[in-house]
Amino acid sequence: MTINETFSEQLNQQVSAEHQAALIYTQLAYELDRMSFPGMRDWMFAQAGEEREHAQKFAQHLLDRGERVLLTDISVPELKIDSPQEAFEASLAHEQKVSEMIRELTRTADKVGDIDSRSLLNWFLDEQIEEEATVGEILDRIKITGNDGSGLLRIDAELGTRDPE
């Protein structure tokens, strides 16, 4: 069950990218906490946990196929967030970036004939559609409320009910 070297490198990059996503969500959680939106903060912390699970899925795939997992330097871009809208715009932009990375992984897997990775990649393609749709819906609702404090607090309370698992 060997993996093409280029594809293995891309999978390792994806492990690091998923850990980076977890750190970005953690930073967004801190920003929302600073603005006193505990529900949105908790939602972002739950997303960070989900991203770590995604990293583990990719890492386990590599390990199950006899490959090494090699984490690279992981940095968090500076995020200047002054509103919930900005936080969710940053979240959506990052999800779109990750979606494209997974599409590129899929193209590479197809190119090198790695059919053993298809179920993993198909799961992630579906997951990213869901991720973008969810964040996009939250962002749309925030945009509708604008600067209405009661509307933002209602969304905050709703997002705070998310199960952290």
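The values are calculated or read from the model by the stated rules, or taken from the named source; none is laboratory data. Note that this is a predicted model, so its numbers are computed, not measured. As a convention, Cβ positions derive from the backbone with ideal geometry for all residues, glycine included, and neighbour counts pool all protein chains shown. In case anyone asks, the SASA skips ligands and DNA or RNA and just uses the protein heavy atoms, side chains included. Shrake-Rupley method; radii C 1.70, N 1.55, O 1.52, S 1.80 Å.
Some notes on this structure:
- Solvent-accessible heavy-atom area per residue, rounded to whole Å², over region 49-111 at 1.4 Å: 57 Å²
- Inter-site label distance for Q96 and E137 at 7 Å from Cα along Cβ, in nm: 2.0 nm
- Straight-line reach from K80: taking Cα to Cα under 13 Å and skipping same-chain neighbours fewer than 8 places apart, the aspartates and glutamates in range are E31, E89.
- Qualifying GluC sites (Glu not before Pro) for region 23-84 [loop in DSSP, other Cβ within 10 Å: at most 16]: E78
- Reachable aspartates and glutamates from K111, criterion Cα separation under 13 angstrom, eight or more residues apart if same chain: E5
- Rg over Rh for the chain works out to 1.03, using Cα positions for both radii and the Kirkwood form for Rh.
- Per residue of the chain, the DSSP helices (runs of n ≥ 4 H) give a summed -39500 (n - 2.57) that works out to -27000 deg cm²/dmol at 222 nm.
- Equivalent ellipsoid, region 116-160 (semi-axes from 5 times Cα gyration tensor eigenvalues, Å): 33, 10, 4
- With Cα atoms, 0 to 90° folded angle of helix 118-145 axis to the chain main axis: 10 degrees
- If R0 equals 35 Å, the separation of the Cβ atoms of R65 and T161 corresponds to a calculated FRET efficiency of about 0.35.
- Alpha carbon centroid spacing (whole Å) that separates region 4-18 from region 40-106: 13 Å
- Given +1 at the Cβ of Lys and Arg, -1 at the Cβ of Asp and Glu and no other charges, the dipole of region 1-155 around its Cα centre is 100 debye to the nearest 20.
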